[in-house]
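The values are calculated or read from the model by the stated rules, or taken from the named source; none is laboratory data. Quick caveat, the model's predicted, so the values are computed rather than measured. Neighbour counts are summed over all protein chains in view; Cβ atoms, including those assigned to glycine, are modelled from backbone coordinates with ideal geometry. Protein only, heavy atoms only, side chains kept; ligands, DNA and RNA dropped before computing areas. Shrake-Rupley method; radii C 1.70, N 1.55, O 1.52, S 1.80 Å.
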Amino acid sequence: MSKLKNLGVNLGLTLGGLLMGVVIGEIGLRVARIEGYPKIGNFAESAPTRFHTSDPNLGWKLKPGASGEWNEEGASFVQVNSEGLRDREHTKAKPPNTLRVAVLGDSFTEAIQVPIEQTFWSKLERKLGNCEAVKGRKNVEVMNFGVQGYGTAQALIMLRKKVWDYNPDIVILAFFIGNDVINNSPQLEYDLYRPFFAYDASGKLVPDMSFRNRAPIDRNERAVSFVDRMPSLIVNNSRILQVIKKVELERKKRELSEDFTTLSTQNLKEPQNPDWQEAWRVTEGLIVTMRNEVVQKKADFLVVTIGDPMQVRPEAPVRKDFMTKNNIQDLFYPDRRLEKLGAREGFRVLNLSEQIQGYTEKYQVCAHGFENSVPCGGHWNELGHRLASILINRNLCQQLKQSQLPKKQP
């Protein structure tokens with residue numbers, strides 16, 4: 001009996017000591033104002049930014065009416081219109097005598113890193129209005145359907161679910177070399193809370209919407225802590241658990257950054273394994289499917305490739321060292337591959353990277369990067385958007401002159 005009593009006493013002392021340690025730790029962290037991360041909430045809270053929310057067809061979308069300051073990379077005031085676009089308001093019925101251009105893409109197109117007036121699509125609207133082939137039209141509207149993180153699968157669904165409501169004359173797919181192929185593959189992509197497409201037994205591309213059955217906590221194992229699997233009441237009232245979560249997620253973030261840097265170099269090479277071969281096969285199939293649907297709607301289709309930041313670095317030695325280190329033979333392999341796809345399938349591809357690289361190398365300037373983020377990396381800065389708008393305008397204007405696109409009425 002005495003042994004049980006001693007065991008009980010020892011256990012009580014141990015638990016009491018642990019409890020006292022926890023209490024002291026909780027008080028100490030609060031006094032020191034050391035904060036961590038609260039438990040992950042619903043999907044809206046774990047969407048790419050506070051300007052986004054969940055969507056059953058696309059995984060996530062911009063939140064209609066959302067607004068606020070953005071300064072995590074670059075800086076801008078973000079305003080989302082009533083239809084969930086980072087753009088001004090547009091009527092669905094196209095005004096008479098109007099040339100309407102729809103731009104699909106990811107974060108380079110959403111472009112919250114710069115003010116709206118500096119985005120390539122806003123600049124493009126102003127430039128197109130001066131094109132000789134457009135002079136007879138009263139208005140030019142370039143509409144932004146870009147959403148952060150979207151791959152080609154989501155761009156195709158956006159085309160079907162929203163773009164056609166606006167009856168565009170031209171559809172531009174802004175394809176980011178840096179990760180769009182990865183985004184289209186459940187084997188390569190980390191964030192699985194998104195739709196994918198796959199070829200069925202008959203060789204037809206069909207959507208895979210199984211993400212709808214995935215819990216938010218399971219969307220990306222590299223972005224979730226074991227603490228998130230504990231009860232909310234405990235986590236959100238424990239500074240210790242919140243700090244543990246912060247430490248774990250910061251470690252995972254560093255590991256993810258390193259892993260993704262290695263993974264992203266594969267974008268610039270011929271597919272090295274079956275996963276990459278299938279990712280490219282699906283990606284090309286999605287683009288051709290998009291072209292087919294655009295043609296069926298009697299609109300014009302243009303693919304614009306947005307380069308990886310390394311492709312347009314101004315320092316030739318840096319690019320050469322990167323290619324040698326990663327055994328890359330042609331820094332513009334993906335651009336040329338898409339250009340060949342367009343030649344085979346009969347649609348235009350405008351590769352921006354080589355032209356932008358020529359400019360950045362000549363003037364030793366960066367088209368990517370901001371003072372408050374990675375120098376010469378990340379998203380386009382104002383110069384990148386300006387150069388893109390000039391090159392896209394030149395391509396569209398030339399095409400309009402050649403085809404004299406008929407004045408479609410809504």
For the range 80-114, which residues satisfy the criterion of being charged (D, E, K, R), in contact with an Asp or Glu (Cβ under 7 Å, 6 or more places away or on another chain), more than 19 Å from F301 (Cβ to Cβ) and open to solvent by less than 10 Å² (accessible area, probe 1.4 Å)? R86
Select from the range 118-136 the residues that are in a loop (DSSP other than H, G, I, E, B) and touching a residue at least 40 places away in the same chain (Cβ under 8 Å) and write down the one among them that is nearest to N167 (Cα to Cα). G136
Residue count, the range 76-117 (criterion: more than 20 Å from F51 (Cβ to Cβ), touching a helix residue (DSSP H, G or I) at 6+ places or on another chain (Cβ under 9 Å) and touching a residue at least 60 places away in the same chain (Cβ under 8 Å)): 7
Of residues in the range 56-79 being in a strand (DSSP E or B), hydrophobic (A, V, I, L, M, F, W, C) and open to solvent by 20 Å² or more (accessible area, probe 1.4 Å), the one nearest to D218 (Cα to Cα): W70
Quick one: E371 ticks every box in (1) touching a residue at least 12 places away in the same chain (Cβ under 8 Å); (2) out of contact with any Lys or Arg (no Cβ under 8 Å at 6 or more places or on another chain) bar one, so which box is it? (1)
How do the pairs read when you match residues in the range 273-288 that are within 17 Å of S202 (Cβ to Cβ) and open to solvent by 10 Å² or more (accessible area, probe 1.4 Å) with residues anywhere that are modelled with pLDDT of 95 or more and not aliphatic (A, V, I, L, M), using Cβ under 6 Å and keeping only pairs 6 or more apart or on different chains? V288/E345
Condition first: aliphatic (A, V, I, L, M), touching a residue at least 24 places away in the same chain (Cβ under 8 Å) and assigned to a helix (DSSP H, G or I). Now tell me which residues in the range 289-299 satisfy that. M290, V294
Would you point out which residue out of L256, L263 is at pLDDT 80 or above and either within 30 Å of I328 (Cβ to Cβ) or open to solvent by 40 Å² or more (accessible area, probe 1.4 Å) (or both)? L263
Are any of the residues in the range 32-40 in a loop (DSSP other than H, G, I, E, B), modelled with pLDDT of 75 or more and under 30 Å from Q154 (Cβ atoms)? no
